[in-house]
Amino acid sequence: MMSNRLLALFGRHDESTALPYDMFDVAYPEAEARRARRMENIYHVGQSKIWDGRDVLAQAIAKYGKPNLAPEKRRALARVFGMIMWGELAAWKISAQLADRLVPLEAKLAAASQVHDEARHFYVMHDYLETLGEKPAKLEFWAQRVLQRTLGTNNLLKKLIGMQLTVETVAFVAFQRVREIEVEPVLSELMTYYERDEARHIGLGIQLVPQMVARLSMPGAISLAAFQLDLLVATLFSLKTIERDLIEIGVDPRSMLGMAFRKQADIDTKIRAEFPQWPADPPLRRAFEGVCEVLFPSEGADAKVPVPVRMKHALEVVARTRQSVFEQWGQRG
Ligand SMILES: [Fe+2]
Ligand SMILES: [Fe+2]
């Protein structure tokens, strides 16, 4: 049977205007209490590590000067970070939905602090792009699909997996990579702040998702897997559409993929500490690494690798006789 508390986690959309006066009634088992404290902490750390986006941007510009890039590079950077900017707006909306729908106090606090963070991420990115002298374009089809599906689902678990564990992971890795390769110093400075915030948002997913997954029915699990696969493939296609821009600013898309797999493996390890039945090397991930090999061959973006060869390599990745993007890029550190 599903506990009241868990039912509450899944939200009560029929009662979305009601106040949950029974929210303090349920006694927490030990592990759940620990998770609740961690979620509460996400809110408090968010408050103590808060930053003023206007100051941080102005100080970075005072320190490094206005961004000064060759036109080609500047436009590529603006296309990639224009996407990020719209992604931040979607994250703002999605976390506001979570802040409304999650009932347990600690989870609700964490989501509320995320709303505030995403609002800041959105306006700071907008101001940065303005300084760069570029107007953000509309989202391309695949990125739009990832965000729309996450915004549009009424299922809280799908929303959490889409936002906290997929979009946040991709954003976190993109920020880390752009900072590491120092595309532009003002942006690198901003990224350290963004990364810190996004790590907390991923943390909310780590605390909430496993207990909800553990209680899924078989049809629920299948529907969730289909949703996840849809998001992952759309994310990959989206990455493919901006491949040229990434290369122009010096980011190898394979490095980002490898790091995203690494981050995912770290998340899985954290979850397994409390839910030992959580799969260590899910077959879905291995299959997905094969798909990555087809779209982003290890020979590089400019190598002309014929489709049959790509398929052969993909099968070798799945069969573990060929290094996957994760093994190539994700094992560092
Ligand atoms: Fe964000
Ligand atoms: Fe975030």
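All of the numbers you see were taken from the coordinates with simple rules; none came from a lab. No experiment lies behind these values; they were computed from the predicted model shown. Don't worry about glycine lacking a Cβ; one is built from the backbone with ideal geometry, like all the others, and counts go over all protein chains shown.
Quick notes on this structure:
- Trypsin sites (Lys or Arg not before Pro) lying in DSSP loop within region 289-327, provided at most 15 other Cβ fall within 10 Å: 304, 320
- Over the chain, DSSP H runs of length four or greater, each weighted -39,500 (n - 2.57), average out per residue to a 222 nm ellipticity of -23500 deg cm²/dmol.
- With the biggest extent put first, the Cα atoms of region 38-235 measure 55, 37, 25 Å across the principal axes.
- FRET E, pair residue 51, residue 218, Förster distance 51 Å, beta-carbon r, rounded to 0.05: 0.70
- Extents of the chain, largest first, come to 60, 52, 34 Å (Cα atoms, principal axes, whole angstrom).
- Its relative contact order, with pairs defined as Cα atoms under 8 Å and 6+ residues apart, puts the chain at 19 percent.
- Cross-link reach list, lysines versus residue 263, counting only Cα pairs under 23 Å and skipping chain neighbours closer than eight places: 49, 158, 159, 240
- Each peptide in 271-281, 74-84 was scored by the mean count of other Cβ atoms within 10 Å over its residues; highest first, the order is 74-84, 271-281.
- Sorted largest first, the spans of the alpha carbon positions of region 73-176 along the three principal axes are 45, 25, 22 Å.
- The percentage of C-alpha pairs in region 38-106 whose separation is greater than 21 Å is 52%.
- Net length gained if the chain between residue 302 and residue 286 were fully extended (0.36 nm per residue, minus Cα distance): 3.3 nm
- Inter-part distance where region 108-160 and region 162-232 are each reduced to a Cα centre, Å: 12 Å
- In summary, the helical segments of the chain meeting the span-like criteria, namely a full DSSP H run, a Cα extent along the axis of 20 angstrom or more and a mean Kyte-Doolittle hydropathy of at least 0.0, are 185-214, 218-241.
- With the simple model of a label 7 Å out from the Cα in the direction of the Cβ, residue 182 to residue 130 spans 2.9 nm.
- Lysine pair number, Cα distance threshold 29 Å (strictly under), region 65-146, separation 8 or more or different chains: 7
- Residue 34-residue 151 FRET efficiency (beta carbon distance; Förster radius 45 Å; 0.05 resolution): 0.90
- Of the GluC sites (Glu not before Pro) in region 165-249, those whose Cβ has at most 15 other Cβ within 10 Å and which sit in DSSP loop: 182
- Based on alpha-carbon atoms, the Kirkwood radius and the radius of gyration of region 250-333 give Rg/Rh equal to 1.02.
- Remark: region 32-77 is approximated by an ellipsoid whose semi-axes, taken from the C-alpha gyration tensor as √(5λ), come to 38, 16, 6 Å, largest first.
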